[in-house]
Amino acid sequence: MEHKPFVRGLVLALAMAAGSTAFAQVSIHIVLAPPTPQYEAVPMLPTGYVWAPGYWAWSNDHHVWVRGRSMLQRPGYYWQPDRWDQRNGIYTRQVGRWERDGNEHQGKAPKMKKLKHDKGRHGGKHDSGRN
């Protein structure tokens, strides 16, 4: 009797069940305001990537800084960064997420106007910028 298909199916089912619990959301409500965001220099990003800025997370009864990161752009969406909302003295962390882009270009770069050449209006063909 061959048990490989049964074992393979069982392992796959267990992996899927374990993986589905990884997406559970946890809301954190605290009374301690997060510190001012830290400055991060945004690196040059390759085409098709966006920057998700760093944010303060809550871990073991204190705030910890999570550094910013580059992410692959989703066409038709923009990144809504992680943030803390305050209501009635309670701070609640809102996890970053992709939001639909309301622009008509849906993630495509807008077309730029073509610049017209100077045509020698400022000193001629070999103008060096000196007067």
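Just so it is clear, none of the values below were taken in a lab; they were calculated from the coordinates. Keep in mind that this is a model prediction, so the values were computed, not measured. A quick note on method: Cβ atoms are made from the backbone with ideal geometry, for glycine too, and the neighbour counts reach across all protein chains shown.
So the values come out like this:
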read-out	value
Ordering of 38-44, 48-54, 59-65 by burial proxy (mean other Cβ atoms within 10 Å per residue, highest first)	48-54, 59-65, 38-44
Percentage, to the nearest whole number, of Cα pairs in the range 29-100 over 20 Å apart	37
Pair Ala52, Asp101: separation of 7 Å Cα→Cβ label points (nm)	1.8
Local electrostatic count at His29 - Lys and Arg +1, Asp and Glu -1, tallied over other residues with Cβ under 14 Å	0
